[in-house]
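One structure is given below, encoded as structure tokens.
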Amino acid sequence: MKNIIYSIFFIGLATYGQTKYQKDFNYYWNTIDSYFAYFDTQKIDWLEVKKIYQPKIDTIDNKVDFIKVLEELNRELHNGHIGLKTNLPSSHRLVPTGTDIWVVYKNAEFIISNLRQGFSVEKIGVKLGMKVTAYNGIPFKELVKQYLPKGTKEYNKSMYEYCANMIIAGTHNTERKLSVNDSLTFNLSKAKMAPTKKYIETKMLPESIGYIKLNNSLGENDMVTQFDKALDGMINAKGVILDLRETPSGGNSTVARAIMGRFIDKEMPYQRHSFTYEEKLYGVKRNAIELVAPRGKTYTKPLVVLCGRWTGSMGEGMVIGFDAMKRAEIVGTDMAKLLGAIYDYTLPETKIVFQLPVEKLFHINGLPREDFKPNHYIIDTKEQIRKAIQLINLSL
């Protein structure tokens, strides 16, 4: 009993006199230290990060500056699944939800590898394969260096690519001018996406092939009814294409399992979970396999699923799920590579909500979800559709 009293006393003594920002910083750092599932892949020295940023926190006296430092801290872990549920005009847009161009880091250059469908960047002249050389007049490589993590001595491809894509996504309060190939400059602020209120787009393609596109609606529970109606209307189609290329914000497993359940006739596993924090905190491993149950009238004919860089989070889970159940051919490219299953936490003093991946997620075969690549790897979006139609016709 005395030990408990002494512990409470010293904890209280340690926090006595701290500002609310210092207290919340400690809570933030300790939560990530205990529960973040991907320190092994992100290659960041989290203790070093604390040493680097603590002096900044000690001088902060307002919430705006505190948010800015938290945003810097989140960049240390360089993945779109680590972030705040609040932002400032100066905050960068979310990756991938707020992006319309995707670049990869190859041979020490930043190359445009994907363009987002429905946005007008392609119409203003941006093309695949272009080399990004500057952003808002600043040499791009120099700009990326400013955003790279500080808690590491070695930079890897994922660090470069996350920072590059975050920069191109832009902030909420500045224009976006992208220079490529050392000669052309595009004003990306003029590139807009036509707003859509539809959760689902459907149509019948030639040769009686159904097409269903989900428009970033995997978090909308009432979308399930709309999906059922769409699929029931195609129940006699000789094949269906399910387009998940516009699901960057992810969703929830209730919606995902409801959709997948329409394509199977028996309960099947679709992804693996690893709760790494339990082993870290208690020395006990915990893994689980998540199942999908059949639901409604089963569609048994050929299915092709389309994926790409704007297939994020739960969309990625559905892709690996269909692949694991051997229920669909997968056509497309690498996906958003959003890490794990995220949990929300609230800072006790400022009430700022932040999220981080606490569970690792895997394909049933053990492959990390973020490493999945479709068997039919095709970059061109129109070619993806043509390949999907071909696969359906060949399977009959």
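The values are calculated or read from the model by the stated rules, or taken from the named source; none is laboratory data. As the structure is a prediction and not an experimental result, all values here were calculated from the model. Reconstructed Cβ throughout: ideal geometry from the backbone, glycine too, with neighbour counts over all protein chains shown. Ligands, DNA and RNA are stripped out before the accessible areas are found, and what is left, the full protein with its side chains, is counted by its heavy atoms. Shrake-Rupley method; radii C 1.70, N 1.55, O 1.52, S 1.80 Å.
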Fill in the blank from the handout: Scanning the stretch 77-111 residue by residue, those more than 21 Å from residue 357 (Cα to Cα), touching a strand residue (DSSP E or B) at 6+ places or on another chain (Cβ under 6 Å) and open to solvent by 10 Å² or more (accessible area, probe 1.4 Å) turn out to be 90, 102, 104, 109, 111
Exercise for the section: Would you mind finding the one in 28, 21 that is under 20 Å from residue 344 (Cα atoms), in contact with a strand residue (DSSP E or B) (Cβ under 9 Å, 6 or more places away or on another chain) and at pLDDT 95 or above? Expected result: 28
Problem - Odd one out for residue 96 among (1) closer than 12 Å to residue 167 by Cα; (2) not in a loop (DSSP other than H, G, I, E, B) - result: (2)
Handout entry: Unmet criterion (only one of (1) in a loop (DSSP other than H, G, I, E, B); (2) open to solvent by less than 40 Å² (accessible area, probe 1.4 Å); (3) within 21 Å of residue 81 (Cα to Cα)) for residue 351
Key = (2)
Problem - Unique match (being among the aliphatic types (A, V, I, L, M) and either under 12 Å from the mean Cα position of the chain (by Cα) or open to solvent by 60 Å² or more (accessible area, probe 1.4 Å) (or both)) among 336, 328, 288 - result: 336
Practice task
Show the residue pairs that are 6+ apart or on different chains and have beta-carbon atoms under 6 Å apart, the first residue being within the stretch 333-361 and under 18 Å from residue 373 (Cα atoms) and in contact (Cβ under 8 Å) with a residue 12 or more places away in the chain, the second being assigned to a loop (DSSP other than H, G, I, E, B) and among the β-branched types (Val, Ile, Thr).
Solution key: 333/379
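This table checks each residue for (1) closer than 23 Å to residue 319 by Cβ; (2) open to solvent by less than 70 Å² (accessible area, probe 1.4 Å); (3) touching a residue at least 24 places away in the same chain (Cβ under 8 Å); (4) assigned to a loop (DSSP other than H, G, I, E, B).
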site: 167; (1), (2), (3), (4): no, yes, yes, no
site: 178; (1), (2), (3), (4): no, yes, yes, no
site: 210; (1), (2), (3), (4): yes, yes, yes, no
site: 226; (1), (2), (3), (4): yes, no, yes, no
site: 237; (1), (2), (3), (4): yes, yes, yes, yes
Problem - Out of 10, 39, sole residue that is at pLDDT 95 or above and either in contact with a His (Cβ under 9 Å, 6 or more places away or on another chain) or of a type outside the set (Ser, Thr, Tyr) (or both) - result: 39
Exercise for the section: Search the stretch 72-90 for residues that are on the phi > 0 side of the Ramachandran plot and pair each with any residue that is aliphatic (A, V, I, L, M) and not in a loop (DSSP other than H, G, I, E, B) when their beta-carbon atoms are under 6 Å apart and the residues are at least 6 apart or on different chains. Expected result: 78/159
Problem - Filter result for residue 275 (touching a residue at least 40 places away in the same chain (Cβ under 8 Å) and open to solvent by less than 10 Å² (accessible area, probe 1.4 Å)) - result: no
Completion exercise
Counting only residues in the stretch 153-165 that are of a type in the set (D, E, K, R) and part of a loop (DSSP other than H, G, I, E, B), the one surrounded by the fewest Cβ atoms within 10 Å (Cβ to Cβ) is identified as 154
Problem - Residues (surrounded by fewer than 17 Cβ atoms within 10 Å (Cβ to Cβ), over 23 Å from the mean Cα position of the chain (by Cα) and not in a helix (DSSP H, G or I)) located in the stretch 21-75 - result: 61, 62
Practice task
State whether the residues of the stretch 129-152 include one that is basic (Lys, Arg), under 23 Å from residue 216 (Cβ atoms) and surrounded by fewer than 16 Cβ atoms within 10 Å (Cβ to Cβ).
Solution key: no
Exercise for the section: Filter the stretch 244-263 down to residues that are not in a helix (DSSP H, G or I) and not small (Gly, Ala, Ser) and give me whichever is surrounded by the fewest Cβ atoms within 10 Å (Cβ to Cβ). Expected result: 252
Exercise for the section: Filter the stretch 236-285 down to residues that are closer than 21 Å to residue 38 by Cα and aliphatic (A, V, I, L, M), then give me how many there are. Expected result: 2
Exercise for the section: Enumerate the pairs (first residue in the stretch 316-330 and in contact (Cβ under 8 Å) with a residue 12 or more places away in the chain; second residue anywhere and part of a helix (DSSP H, G or I) and basic (Lys, Arg)) with beta-carbon separation below 8 Å, excluding pairs fewer than 6 apart on the same chain, so at least 6 apart or on different chains. Expected result: 316/369; 317/369; 320/369
Exercise for the section: Filter the stretch 363-394 down to the residues that are in contact with an Asp or Glu (Cβ under 9 Å, 6 or more places away or on another chain) and in a strand (DSSP E or B), then identify the one that is surrounded by the fewest Cβ atoms within 10 Å (Cβ to Cβ). Expected result: 377
